[in-house]
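Colleague: I have a structure I would like to understand better, so I am pasting it below and will then ask my questions one at a time.
The values are calculated or read from the model by the stated rules, or taken from the named source; none is laboratory data. Small disclaimer: the values here were computed from a predicted structure and weren't measured. Backbone-built Cβ (ideal geometry, glycine too); neighbour counts: all protein chains shown. Accessible surface areas use protein heavy atoms only, side chains included; no ligands, DNA or RNA. Shrake-Rupley method; radii C 1.70, N 1.55, O 1.52, S 1.80 Å.
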Amino acid sequence: MGASMIRKSVAISMLALAVSITLLVSGGIALWHAGIVADENNLTTGFAPYLWVPFGTGLIGFMVSLPWFLGTVTTTPRLRSER
């Protein structure tokens, strides 16, 4: 295994972290714009649940994938003992 190769566990946790950050940011932007539209139109009712799904999923995913990613990056790979 070369020094520049990324371990599979690190790559998977990095992908999960990237997806959760993307959902968190895009969900936050969607809620921000929905708030602007609601303010401009004097709406007093709550937002539809489908606007909260990406933000909530991203938040939960970020809280799970960040420690997972940090745990896989900080641990050193175990070398196989060859006999």
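Yes/no matrix, rows are residues, columns are (1) modelled with pLDDT of 80 or more; (2) of a type in the set (Ser, Thr, Tyr); (3) in contact with a Leu (Cβ under 9 Å, 6 or more places away or on another chain):
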residue	(1), (2), (3)
Val37	yes, no, yes
Asn41	yes, no, no
Ala48	no, no, no
Val64	yes, no, no
Trp68	yes, no, yes
Pro77	no, no, no
Arg80	no, no, no
Arg83	no, no, no
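Colleague: Contact list please: Cβ distance under 6 Å, first residue in segment 33-53 and in contact (Cβ under 8 Å) with a residue 40 or more places away in the chain, second residue surrounded by 12 or more Cβ atoms within 10 Å (Cβ to Cβ) and in a helix (DSSP H, G or I), pairs at least six apart or on different chains.
Modeller: Hits for this filter: zero, empty list.
Colleague: Quick check on my filter: what residues within segment 4-63 are within 22 Å of Thr75 (Cα to Cα) and in a loop (DSSP other than H, G, I, E, B)?
Modeller: Ser4, Met5, Ile6, Arg7, listed by residue number.
Colleague: Quick one: in segment 1-52, of everything that is under 21 Å from the mean Cα position of the chain (by Cα) and of a type in the set (Phe, Trp, Tyr), which residue is least open to solvent (accessible area, probe 1.4 Å)?
Modeller: Narrowing segment 1-52 to residues under 21 Å from the mean Cα position of the chain (by Cα): 6-33, 49-52.
In the following step, the residues that additionally are of a type in the set (Phe, Trp, Tyr) were identified as 32, 50, 52.
Values: Trp32: 177, Tyr50: 165, Trp52: 125 Å².
Among those that are under 21 Å from the mean Cα position of the chain (by Cα) and of a type in the set (Phe, Trp, Tyr), it is Trp52.
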